[in-house]
1. Can you pull out the residues in the stretch 62-79 that are within 19 Å of Ile12 (Cα to Cα) and surrounded by 14 or more Cβ atoms within 10 Å (Cβ to Cβ)?
2. It is to be established whether one or more residues within the stretch 117-130 are in the same structural domain as Asn75 (by TED's automatic domain parsing) and over 19 Å from the mean Cα position of the chain (by Cα).
3. In the stretch 100-132, how many residues are without any contact (Cβ under 8 Å) to a residue 12 or more places away in the chain, within 30 Å of Arg146 (Cβ to Cβ) and surrounded by 12 or more Cβ atoms within 10 Å (Cβ to Cβ)?
4. In the stretch 86-124, which residues are farther than 18 Å from Lys182 by Cα and either of a type in the set (Gly, Ala, Ser) or in contact with an Asp or Glu (Cβ under 8 Å, 6 or more places away or on another chain) (or both)?
5. Can you work out which of the residues in the stretch 191-202 that are surrounded by 12 or more Cβ atoms within 10 Å (Cβ to Cβ) and in contact (Cβ under 8 Å) with a residue 40 or more places away in the chain is nearest to the chain's Cα centre (by Cα)?
Amino acid sequence: MSKVEESIEEQILVAAFNVFVEKGFDNAKMQDIADRAGIKRTVLNYYFRSKDLLYQNIAKTIMRQALPQMLRILNSDLPFEQKVADFASEYITVALKNPFLPLFIINELNSIGPAFIDKMLDGKRPDIDNFLKHVNEEMDKGNIIRMNPLHVPIHIISMCGFPIISKPMLMLVTGISEKEYKALMEDRKKEVVRMVMKGLKP
């Protein structure tokens with residue numbers, strides 16, 4: 001691919017990302033993306049023949065950037081509570097910048113199952129073995145209650161991810177504005193840590 005082609009493809013991906021964030025996948029149109037990129041629809045179709053392909057390309061890029069950092073946090077040598085805090089902060093920050101991503105991952109997993117790993121991550125299963133080992137160590141020390149260690153990442157991811165996935169319902173029920181929602185999610189970075197650590201205390 002020439003430098004010009006790379007530049008146009010990047011231009012399209014940036015435009016598509018912005019349109020998906022603003023309108024969501026279902027409401028976004030290929031013409032909207034072409035207009036935002038400043039190109040003709042035929043040019044867009046030459047690079048990406050469908051909206052699904054564009055969506056997957058963007059999601060794959062984001063996941064490959066964000067997932068390694070999240071895994072580094074979980075599998076690091078940080079103290080347990082700091083690890084929870086850093087992961088919650090990183091997860092919510094990424095999700096707020098890429099609001100379509102959590103729901104996309106769930107939909108793809110439900111649709112194609114384990115093949116999602118091959119499709120998005122080139123067959124590399126996200127490895128949290130060191131984190132689970134750390135959870136077991138904290139249990140052995142009596143710092144947290146004994147349970148199946150898998151409950152801990154499930155608790156953290158659920159508490160971080162659900163408010164992002166359920167944003168439309170949450171805003172409808174509570175009547176909060178976009179600005180208030182973002183402030184709530186920033187505050188949630190601390191709230192997740194407080195609730196997780198409180199729930200794990202012996």
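1. Within the stretch 62-79, Ile62, Met63 qualify.
2. Yes: one or more hits.
3. 1
4. Result: Ser111, Gly113, Ala115, Phe116, Lys119, Met120, Gly123.
5. So, considering only residues that are surrounded by 12 or more Cβ atoms within 10 Å (Cβ to Cβ) and in contact (Cβ under 8 Å) with a residue 40 or more places away in the chain, the one nearest to the chain's Cα centre (by Cα) is Val192.
The values are calculated or read from the model by the stated rules, or taken from the named source; none is laboratory data. What you see is a predicted model, and the numbers here were worked out from it, not measured in a lab. Counting neighbours? That spans all protein chains shown, and the Cβs are built from the backbone with ideal geometry, glycine included.
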